[in-house]
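A.B. asks: One structure follows; several queries about it will come next.
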Amino acid sequence: MNISIFDVTGPVMIGPSSSHTAGAAKLARIARVIAARHVSHVVFGLHGSFARTYKGHGTDKALVAGVLGIREDDERLVDAFSIAQQQGLTYEFEAIELEGVHENTVKFTFTLDNGEKSDVTGSSIGGARIIITHIGEFKVELSAQTPVILIQHQDKKGMVGAIANILARNDINIGTMKLSRRAKGDLAFSVIETDDSISETVIADIKATDGVIFTQAINLETGVL
(Lines give C-alpha, C1' and ligand atoms only; values in the text may rest on other atoms or scores of the structure.)
Protein backbone atom coordinates (compact mmCIF):
# COMPACT_ATOMS: atom_id res chain seq x y z
CA MET A 1 0.00 0.00 0.00
CA ASN A 2 1.34 3.45 -0.92
CA ILE A 3 0.99 5.89 2.00
CA SER A 4 1.91 9.55 1.57
CA ILE A 5 3.19 11.84 4.32
CA PHE A 6 -0.18 13.66 4.05
CA ASP A 7 -1.99 10.46 5.00
CA VAL A 8 0.25 10.10 8.04
CA THR A 9 0.12 13.66 9.34
CA GLY A 10 -3.44 14.41 8.25
CA PRO A 11 -4.93 17.56 6.72
CA VAL A 12 -4.83 21.13 8.01
CA MET A 13 -8.13 21.36 9.86
CA ILE A 14 -10.13 22.41 12.87
CA GLY A 15 -10.25 19.19 15.00
CA PRO A 16 -10.79 16.85 16.56
CA SER A 17 -11.00 14.21 13.80
CA SER A 18 -9.98 14.09 10.15
CA SER A 19 -12.85 11.75 9.29
CA HIS A 20 -15.55 12.97 11.68
CA THR A 21 -14.78 16.70 11.41
CA ALA A 22 -12.63 17.67 8.42
CA GLY A 23 -14.04 14.97 6.15
CA ALA A 24 -17.58 15.74 7.26
CA ALA A 25 -17.14 19.44 6.46
CA LYS A 26 -15.76 18.69 3.00
CA LEU A 27 -18.45 16.09 2.32
CA ALA A 28 -21.20 18.58 3.20
CA ARG A 29 -19.60 21.32 1.12
CA ILE A 30 -19.40 19.16 -2.00
CA ALA A 31 -22.93 17.83 -1.48
CA ARG A 32 -24.22 21.40 -1.21
CA VAL A 33 -22.49 22.38 -4.46
CA ILE A 34 -24.04 19.39 -6.21
CA ALA A 35 -27.49 20.57 -5.06
CA ALA A 36 -26.76 23.63 -7.24
CA ARG A 37 -29.41 25.95 -5.76
CA HIS A 38 -30.02 27.97 -2.62
CA VAL A 39 -30.75 25.64 0.31
CA SER A 40 -33.23 26.64 3.02
CA HIS A 41 -33.28 23.41 5.04
CA VAL A 42 -31.25 20.22 5.21
CA VAL A 43 -31.84 16.87 6.88
CA PHE A 44 -28.63 15.05 7.75
CA GLY A 45 -29.32 11.31 7.73
CA LEU A 46 -26.44 9.84 9.73
CA HIS A 47 -25.36 6.23 9.33
CA GLY A 48 -23.07 4.05 11.43
CA SER A 49 -20.33 5.77 13.42
CA PHE A 50 -21.61 9.19 12.43
CA ALA A 51 -24.99 8.40 13.99
CA ARG A 52 -23.40 7.21 17.23
CA THR A 53 -20.71 9.88 17.81
CA TYR A 54 -21.65 12.96 15.79
CA LYS A 55 -22.06 15.28 18.81
CA GLY A 56 -18.91 14.21 20.64
CA HIS A 57 -16.68 14.53 17.59
CA GLY A 58 -18.18 17.80 16.34
CA THR A 59 -19.55 16.15 13.22
CA ASP A 60 -22.81 18.07 13.60
CA LYS A 61 -21.04 21.44 13.50
CA ALA A 62 -18.78 20.28 10.67
CA LEU A 63 -21.73 19.20 8.51
CA VAL A 64 -23.60 22.46 9.04
CA ALA A 65 -20.38 24.38 8.35
CA GLY A 66 -19.85 22.52 5.09
CA VAL A 67 -23.35 23.32 3.88
CA LEU A 68 -22.56 26.97 4.64
CA GLY A 69 -19.42 26.71 2.51
CA ILE A 70 -17.01 26.85 5.47
CA ARG A 71 -13.84 24.84 4.90
CA GLU A 72 -12.35 22.36 7.35
CA ASP A 73 -9.41 24.67 8.17
CA ASP A 74 -11.64 27.70 8.85
CA GLU A 75 -11.91 28.75 12.50
CA ARG A 76 -15.56 29.69 11.90
CA LEU A 77 -16.40 25.97 11.83
CA VAL A 78 -16.97 25.94 15.60
CA ASP A 79 -19.55 28.75 15.21
CA ALA A 80 -21.48 26.97 12.44
CA PHE A 81 -24.75 26.79 14.36
CA SER A 82 -24.90 30.52 15.05
CA ILE A 83 -23.83 31.36 11.49
CA ALA A 84 -26.58 29.10 10.13
CA GLN A 85 -29.12 30.92 12.27
CA GLN A 86 -27.89 34.28 10.97
CA GLN A 87 -28.17 33.07 7.37
CA GLY A 88 -31.60 31.48 7.81
CA LEU A 89 -30.47 27.89 7.26
CA THR A 90 -32.44 25.33 9.27
CA TYR A 91 -31.38 21.73 9.76
CA GLU A 92 -32.02 18.51 11.62
CA PHE A 93 -30.15 15.28 12.33
CA GLU A 94 -31.55 11.78 12.26
CA ALA A 95 -30.09 8.29 12.54
CA ILE A 96 -30.65 6.08 9.49
CA GLU A 97 -29.56 2.63 8.31
CA LEU A 98 -28.06 2.25 4.85
CA GLU A 99 -26.91 -0.91 3.11
CA GLY A 100 -23.38 -1.52 1.90
CA VAL A 101 -21.90 1.86 2.78
CA HIS A 102 -18.97 3.17 4.83
CA GLU A 103 -19.48 3.67 8.57
CA ASN A 104 -19.12 7.45 8.19
CA THR A 105 -21.93 8.07 5.72
CA VAL A 106 -24.45 10.89 5.41
CA LYS A 107 -27.56 11.18 3.29
CA PHE A 108 -28.23 14.88 2.72
CA THR A 109 -31.80 15.85 1.90
CA PHE A 110 -31.80 19.48 0.82
CA THR A 111 -34.91 21.61 0.56
CA LEU A 112 -34.23 24.07 -2.26
CA ASP A 113 -35.50 27.61 -2.72
CA ASN A 114 -38.22 26.40 -5.11
CA GLY A 115 -39.50 23.87 -2.55
CA GLU A 116 -38.06 20.85 -4.36
CA LYS A 117 -35.94 18.22 -2.58
CA SER A 118 -32.46 17.12 -3.62
CA ASP A 119 -30.69 14.05 -2.17
CA VAL A 120 -26.94 13.48 -2.10
CA THR A 121 -25.25 10.61 -0.23
CA GLY A 122 -21.58 10.33 0.56
CA SER A 123 -18.95 9.08 3.00
CA SER A 124 -15.93 10.44 4.86
CA ILE A 125 -13.33 7.73 4.37
CA GLY A 126 -10.39 9.05 6.43
CA GLY A 127 -7.69 11.70 6.12
CA ALA A 128 -10.37 14.24 5.09
CA ARG A 129 -11.00 12.20 1.94
CA ILE A 130 -14.56 11.71 0.79
CA ILE A 131 -16.59 9.88 -1.79
CA ILE A 132 -20.02 10.82 -3.11
CA THR A 133 -21.91 7.58 -3.74
CA HIS A 134 -25.39 8.69 -4.82
CA ILE A 135 -26.86 11.78 -6.45
CA GLY A 136 -30.60 11.39 -6.24
CA GLU A 137 -31.47 7.91 -7.44
CA PHE A 138 -28.23 7.46 -9.37
CA LYS A 139 -25.22 5.56 -8.03
CA VAL A 140 -22.01 7.50 -8.66
CA GLU A 141 -18.35 7.58 -7.64
CA LEU A 142 -17.00 11.07 -6.99
CA SER A 143 -13.86 11.67 -4.92
CA ALA A 144 -13.76 15.47 -5.40
CA GLN A 145 -9.98 15.51 -5.81
CA THR A 146 -9.91 16.78 -9.40
CA PRO A 147 -12.19 18.91 -11.63
CA VAL A 148 -15.45 17.11 -12.32
CA ILE A 149 -18.39 17.34 -14.72
CA LEU A 150 -21.84 16.11 -13.68
CA ILE A 151 -24.24 15.32 -16.53
CA GLN A 152 -27.81 14.05 -16.47
CA HIS A 153 -28.81 12.82 -19.90
CA GLN A 154 -30.87 10.40 -21.91
CA ASP A 155 -29.47 6.89 -22.17
CA LYS A 156 -29.02 6.61 -25.92
CA LYS A 157 -26.41 5.54 -28.44
CA GLY A 158 -23.65 8.02 -29.15
CA MET A 159 -24.15 10.14 -26.02
CA VAL A 160 -20.90 9.18 -24.31
CA GLY A 161 -18.98 9.58 -27.57
CA ALA A 162 -20.46 13.04 -28.19
CA ILE A 163 -19.44 14.22 -24.72
CA ALA A 164 -15.96 12.70 -25.04
CA ASN A 165 -15.49 14.43 -28.40
CA ILE A 166 -16.32 17.81 -26.88
CA LEU A 167 -13.72 17.27 -24.18
CA ALA A 168 -11.12 16.06 -26.69
CA ARG A 169 -11.67 19.11 -28.91
CA ASN A 170 -10.96 21.28 -25.90
CA ASP A 171 -7.82 19.35 -24.93
CA ILE A 172 -9.39 17.99 -21.73
CA ASN A 173 -8.26 14.55 -20.62
CA ILE A 174 -10.72 12.24 -18.85
CA GLY A 175 -9.34 10.74 -15.65
CA THR A 176 -12.32 8.59 -14.72
CA MET A 177 -15.89 8.29 -15.93
CA LYS A 178 -18.80 6.62 -14.17
CA LEU A 179 -22.21 6.23 -15.84
CA SER A 180 -25.33 5.09 -14.01
CA ARG A 181 -28.72 4.66 -15.63
CA ARG A 182 -32.26 4.20 -14.37
CA ALA A 183 -33.02 1.65 -17.09
CA LYS A 184 -31.99 0.94 -20.67
CA GLY A 185 -33.07 3.87 -22.84
CA ASP A 186 -34.22 5.90 -19.81
CA LEU A 187 -32.38 8.59 -17.81
CA ALA A 188 -28.68 8.30 -17.06
CA PHE A 189 -26.16 10.22 -14.97
CA SER A 190 -22.46 10.57 -15.79
CA VAL A 191 -19.67 11.74 -13.50
CA ILE A 192 -16.49 12.66 -15.36
CA GLU A 193 -13.36 13.53 -13.38
CA THR A 194 -10.76 15.28 -15.53
CA ASP A 195 -7.12 16.31 -15.43
CA ASP A 196 -7.97 19.81 -16.60
CA SER A 197 -10.30 22.64 -15.59
CA ILE A 198 -13.66 22.90 -17.33
CA SER A 199 -14.50 26.21 -19.02
CA GLU A 200 -17.95 27.73 -19.42
CA THR A 201 -17.61 27.19 -23.17
CA VAL A 202 -17.21 23.44 -22.66
CA ILE A 203 -20.24 23.31 -20.38
CA ALA A 204 -22.26 25.30 -22.93
CA ASP A 205 -21.30 22.83 -25.67
CA ILE A 206 -22.31 19.87 -23.49
CA LYS A 207 -25.62 21.53 -22.58
CA ALA A 208 -26.33 22.03 -26.29
CA THR A 209 -25.86 18.32 -27.01
CA ASP A 210 -29.10 16.58 -27.90
CA GLY A 211 -30.26 14.44 -24.99
CA VAL A 212 -28.45 16.37 -22.23
CA ILE A 213 -30.83 17.50 -19.49
CA PHE A 214 -28.46 19.06 -16.96
CA THR A 215 -24.74 19.60 -16.61
CA GLN A 216 -22.52 21.19 -13.99
CA ALA A 217 -18.77 21.64 -13.55
CA ILE A 218 -16.85 21.84 -10.29
CA ASN A 219 -13.34 23.23 -10.74
CA LEU A 220 -10.39 23.57 -8.40
CA GLU A 221 -10.45 27.32 -9.02
CA THR A 222 -13.83 27.62 -7.31
CA GLY A 223 -12.17 26.89 -3.98
CA VAL A 224 -14.62 24.06 -3.34
CA LEU A 225 -12.34 21.08 -3.93
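The values are calculated or read from the model by the stated rules, or taken from the named source; none is laboratory data. As the structure is a prediction and not an experimental result, all values here were calculated from the model. A quick note on method: Cβ atoms are made from the backbone with ideal geometry, for glycine too, and the neighbour counts reach across all protein chains shown.
A.B. asks: Suppose we keep only residues that are in contact (Cβ under 8 Å) with a residue 24 or more places away in the chain and buried (at least 21 other Cβ atoms within 10 Å of the Cβ) within the range 69-83. Which one would you say is nearest to T111 (Cα to Cα)?
C.D. replies: The selected residue is I70.
A.B. asks: Against the condition surrounded by fewer than 13 Cβ atoms within 10 Å (Cβ to Cβ) and under 19 Å from R37 (Cα atoms), how does F189 come out, does it pass?
C.D. replies: No.
Here's the yes/no breakdown for (1) outside the structural domain of K26 (by TED's automatic domain parsing); (2) farther than 24 Å from L63 by Cβ; (3) surrounded by 15 or more Cβ atoms within 10 Å (Cβ to Cβ):
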site: G127; (1), (2), (3): no, no, yes
site: V160; (1), (2), (3): yes, yes, yes
site: I163; (1), (2), (3): yes, yes, yes
site: L179; (1), (2), (3): yes, yes, yes
site: I218; (1), (2), (3): yes, no, yes
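A.B. asks: Quick check on my filter: what residues within the range 73-87 are closer than 19 Å to V42 by Cα and either among the basic types (K, R) or at pLDDT below 95 (or both)?
C.D. replies: L77, V78
A.B. asks: Also, quick follow-up: Please tell me if G56 is modelled with pLDDT under 95, in a loop (DSSP other than H, G, I, E, B) and in contact with a His (Cβ under 9 Å, 6 or more places away or on another chain).
C.D. replies: yes
A.B. asks: I'd like the full set of residues that are assigned to a loop (DSSP other than H, G, I, E, B) and modelled with pLDDT under 95, limited to the range 159-185.
C.D. replies: Hits for the range 159-185 are R182, A183, K184, G185.
A.B. asks: If you don't mind, there's one more thing I want to ask. Any idea which residue in the range 104-125 is surrounded by the most Cβ atoms within 10 Å (Cβ to Cβ), counting only those that are touching a helix residue (DSSP H, G or I) at 6+ places or on another chain (Cβ under 9 Å) and either among the basic types (K, R) or farther than 23 Å from Q87 by Cβ (or both)?
C.D. replies: By that ranking, first place goes to S124.
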